[in-house]
Amino acid sequence: MAGVAAAALGLLLALAVSAPGGSGGERGAARVDQALRDLAGDLRALCVSVRPGNEAAPTLARLRRRFGVETTVVHVTRGEGGDNAAGPELYDALGALRTVEARAAASDVGARVRFLDFRDFGFAR
C-alpha cells in the first residue's frame, strides 16, 4: 500500500511541475507546495460580496496559499450598477466587464467564483 501511495504522490508531483499555469499562477516548486497543501486538508472558506471588487482578496489568497483552504467568492451582482472611471461601459456592458475582471481576480488568488445574478441598482449611501 505504501508503494501505491508513493507512486501516486510521485505522479501528482510530476503533473504539478509539468502542467502550465495553474490556480493563482503557481509554477515549479510553488505549484508543488500548493498541491501538497491542497491535499493536506479539507477546509473551505466562502466570501460573499455585493459586487466584484468588494471581496477580501488578500485574506482569500492567504487562506489558500498558506493553509491550503479551498476558497470560493460569491458575488451577489455583477457590478452593472456601479460607476466606471476606466471606460465608457455602463449597465450590462459594465456587468460583463466586471465579470471578466472578477474571474481574473479570483484566478490570481486561487479562488473559485460564482454569481447570484441579482441586478445591481447602483450606490447605497
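Computed with a 1.4 Å probe over protein heavy atoms only, the accessible surface of segment 51-99 comes to 51 Å² per residue. Across segment 40-125, the fraction of Cα-Cα pairs farther apart than 23 Å, rounded to a whole number, is 25%. Taking each residue as 0.36 nm, the span from THR72 to ARG44 lengthens on full extension beyond its C-alpha to C-alpha distance by 9.3 nm.
The values are calculated or read from the model by the stated rules, or taken from the named source; none is laboratory data. This one's a predicted model, so the numbers in the text were calculated from it and none came from an experiment. For the accessible areas, the whole protein counts, side chains as well, though only heavy atoms, and no ligand, DNA or RNA atoms are used. Shrake-Rupley method; radii C 1.70, N 1.55, O 1.52, S 1.80 Å.
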